[in-house]
1. To test your reading of the geometry: what angle, between 0 and 90 degrees and rounded to tens, separates the Cα axis of helix 573-589 from the longest principal axis of the chain?
2. Remind me, relative contact order of segment 706-765 in percent, using alpha carbon pairs under 8 angstrom and six or more residues apart?
3. Which is the longest part of the chain that has none of the GluC sites (Glu not before Pro) sitting in a DSSP loop with at most 13 other Cβ atoms within 10 Å?
4. In Å and whole numbers, how far do the C-alpha atoms of the chain stretch along each principal axis, longest first?
5. Just how large is the dipole of the chain about the Cα centre, in debye to the nearest 20, putting +1 at every Lys and Arg Cβ and -1 at every Asp and Glu Cβ?
6. For a quick check of your reading of the filter: which trypsin sites (Lys or Arg not before Pro) in segment 526-625 sit in a DSSP loop and have no more than 15 other Cβ atoms within 10 Å?
7. Give me the net charge for the shell around Lys109: Cβ to Cβ below 13 angstrom, other residues only, Lys and Arg +1, Asp and Glu -1.
8. How high is the relative contact order of segment 634-778, given as a whole-number percent (alpha carbon pairs under 8 Å, six or more residues apart)?
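Quick note: the coordinates plus some simple rules give every number you see, no bench work behind them. In this text the structure is predicted, and so the values were computed from the model without any measurement. Here the Cβ is made from the backbone with ideal geometry for all residues, glycine too, and neighbour counts use every protein chain on show.
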Amino acid sequence: MNSKWQRINHMPPLPLYPGEPRVTAGAAHIALAREAAAEGMVLLKNEERTLPLDPAAPLAVFGKAQADYVKGGGGSGDVTTAYSRSLLGALEGWNLCAPLSAYYAGYVKEQYAQGVAPGLVAEPPLDDALLAQARAYADTALVTLCRYSSEGADRTALPHDGDFYLSEAEEAMVSKVLAAFDRVVVVLNTGGMMDTSWCRASDSVKAVLLAWQGGIEGGGAMADVLCGRVCPSGRLSDTFAENFDAYPSSEGFGDSIHYVEYHEDIFVGYRYFETIPGAAQKVCYPFGFGLSYTTFAMEDMACAPAGDALRVTLFVRNTGDVAGRQVVQIYGEAPQGKLGKPARVLIGFAKTRTLAPGEREAVIIDCPVRGLASFDDTGAVCRSAWVLEAGDYHVHVGENVRDARPLDFCLHLEEDRVVERCASRCAPQHLTRRMRADGSYEALPMDRSDEPLPYDPSVLPFDGQTPEDCPWTGGLHMWGAKDELPMLIDVAEGRMTLDAFLDSLTLEQQIHLLGGQPNRGIANTFGFGNLPRAGVPNVMTADGPAGLRIQPHLGVCTTAFPCATLLACTWDEALVERVGRAAAEEVRENGIGVWLAPAMNIHRSPLCGRNFEYYSEDPLLAGHMASAMVRGVQSMGVAACIKHFACNNREENRRNCDSRLSERALREIYLRGFELCVKAAHPWSLMTAYNPINGVRASENTDLLTGILREEWGFDGVVTTDWYTYGEQHREVAAGNDIKMGCGMPAHTLARVQDGTLDPALVRQSARRVLELCLRLA
Ligand code: BGC
């Protein structure tokens with residue numbers, strides 16, 4: 001019998017579906033991880049149809065990354081798996097230059113034995129004799145490179161640093177291979193952007209596969225694409241520029257430990273490269289780009305208004321000779337007007353099914369007109385409103401942002417139109433300048449300040465502090481509750497209202513509901529709820545976002561799905577929804593109620609150490625991917641927890657680094673994906689970011705959490721902090737942040753109610769939301 005909260009309360013080690021094997025790390029999920037990985041890998045270059053490779057043809061594989069496979073990023077985004085398949089592990093049966101691969105495999109094994117972690121193994125020297133042997137064996141070389149990054153630290157972009165750029169040892173290996181071979185395929189196993197300019201420039205590099213970090217079976221998926229078992233259909237979710245300095249966010253990224261100024265304003269990613277004079281030529285591979293083993297034509301394209309949207313219709317035909325999938329991308333172009341606009345903004349997309357050669361599919365994409373609106377933060381048209389300025393709006397369709405061509409359609413607005421009136425919220429205090437559409441900067445009349453935001457460590461739970469157990473455990477009988485006291489199940493089963501139930505709780509009990517609860521079973525990120533006396537379950541949380549994360553020593557292995565950036569590059573919402581559902585099946589099977597995923601911050605800079613957990617530089621793509629993930633997760637009765645709200649774009653000093661940006665950039669770029677997801681997919685919970693935004697901590701930010709999230713967008717779920725913020729709980733609750741994780745501050749918070757600082761009605765409101773979340777869980 002499956003009673004409510006059965007798994008949450010008792011964590012039975014039973015298969016989710018009676019009579020079947022456990023789904024956790026089962027064959028079906030591992031196959032899905034492999035399928036998804038292959039769908040999101042991006043073919044950046046393929047001259048002379050070098051790919052697909054014939055496994056029977058001799059091949060020389062260079063680089064330690066063939067054996068040193070990085071399945072995903074580190075920190076809370078890591079996943080404990082029974083194994084992970086490297087490329088070399090998947091090339092069994094291929095005609096490889098055996099001594100060459102044996103050299104790399106042996107070296108990596110030795111490094112692992114010495115405790116070096118995957119992805120952190122240095123590139124070993126390539127011996128000339130071995131190179132000559134490989135050259136004599138094969139005409140085609142495959143060069144492998146990998147990158148690791150983790151929560152808590154940013155990446156680097158210094159010459160020869162082995163991160164954004166190649167290390168000296170990698171450069172040495174690559175240049176030897178390029179000198180010896182004129183048919184070279186490069187495979188990049190990375191969670192974030194890397195320098196690809198050398199790949200594009202070299203005549204010897206014939207093909208480049210951006211394989212990302214593909215989860216447990218990433219190596220298998222690489223092999224699937226390399227040999228043509230899968231026709232590549234991934235498209236970039238970020239712009240790959242010719243070097244690090246080409247990104248406007250690079251300037252000033254690490255200047256201050258205390259803050260980052262978002263000078264480029266709304267001109268993030270392709271919005272910069274496609275708009276700002278002189279920037280276009282700095283692009284190596286544009287946003288949305290990706291090759292296929294076949295070719296496509298877009299036919300009979302048309303656009304017409306349809307309610308609040310522009311409806312784009314077309315046919316996609318496979319004009320090549322193998323089956324494949326195409327991604328149709330729609331970009332809007334708004335008039336420059338008074339505010340200035342990006343030259344292109346993604347307003348819709350769709351991916352076809354697999355089309356056989358000659359086959360065509362009708363595609364219909366509705367692009368909400370609201371996607372063309374701008375947020376006016378100066379009052380040029382209407383202050384603090386989403387506006388459509390008077391003028392001509394064009395629609396461009398294509399297979400990437402560069403290739404998109406205008407349709408024979410124009411939406412002409414005679415007058416400026418206010419789409420939605422909002423309020424001024426989260427206004428910047430210390431932002432000195434921001435970029436305009438012509439590349440010049442507009443000075444903003446504000447003080448420059450390098451002051452850290454104060455916080456009081458003496459009252460805060462320390463990082464890693466374990467929540468105390470519930471003091472109200474009495475009254476429970478061995479065979480379950482037998483007394484007449486109200487139990488939450490009475491609300492769940494309609495015998496009592498939630499308000500009557502809340503009336504039965506003391507203020508202390510309500511405050512208890514607002515803090516993290518001790519781990520049970522295999523959980524390691526704590527729970528919430530936990531009033532056994534009143535039948536409130538202790539609902540465990542778990543990370544996210546690449547799969548259910550259980551600490552290695554517990555011995556429960558799960559499925560590592562591909563990193564979020566790879567998933568975004570699939571541009572396939574149905575597939576991402578399936579991944580979300582599969583991950584949530586594992587979460588549920590293991591008795592956990594809240595999955596701390598998806599993570600959906602914007603890729604502002606290639607250096608953010610957590611970019612692998614995030615989707616894209618574009619908010620529409622990020623918002624759609626997160627929505628698909630949330631739908632999949634919540635279809636299992638598990639709560640998704642979208643994070644980190646908002647502007648978590650740097651890891652250094654992440655708990656106290658102020659993100660300084662205009663209201664316009666905040667609304668159009670950094671909040672837009674969250675807005676789309678909240679409105680479309682109704683996530684049951686959301687995690688605030690560590691960082692302050694314009695001088696106010698995200699978790700203590702009333703404008704953000706109450707003004708924008710709840711009042712404007714209608715979010716009706718629970719807001720939790722990230723783990724061990726520097727915010728004080730009474731201010732967090734007052735701002736609309738319901739739960740403090742990993743630990744609450746019950747005594748401190750009670751004192752703030754008693755001294756009149758915190759309104760008890762706000763405590764009750766947050767407690768109510770926590771209980772509502774419990775009621776939503778299966
Ligand atoms: C991370 C969150 C994560 C939490 C729990 C924090 O350090 O920022 O993304 O969900 O830990 O592990």
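1. 50 degrees
2. Numbers: 53 pairs, mean separation 18.1, N = 60.
Value for segment 706-765: 30 percent.
3. On the way: sites that count: Glu92, Glu251, Glu359, Glu414, Glu415, Glu484, Glu493.
The segment 494-778 is the longest one with no such site.
4. If we take the Cα atoms of the chain, the spans are 82, 65, 52 Å.
5. Details: 70 positive and 98 negative charges, 262 e Å.
Dipole about the Cα centre, nearest 20: 1260 debye.
6. Numbers: sites: Arg533, Arg549, Arg578, Arg581, Arg588, Arg604, Arg610; in loops: Arg549, Arg604, Arg610.
The qualifying sites: there are none.
7. Values: positive: Lys64; negative: Asp68, Glu110.
It works out to a net charge of -1.
8. Numbers: 238 pairs, mean separation 35.1, N = 145.
It rounds to 24 percent for segment 634-778.
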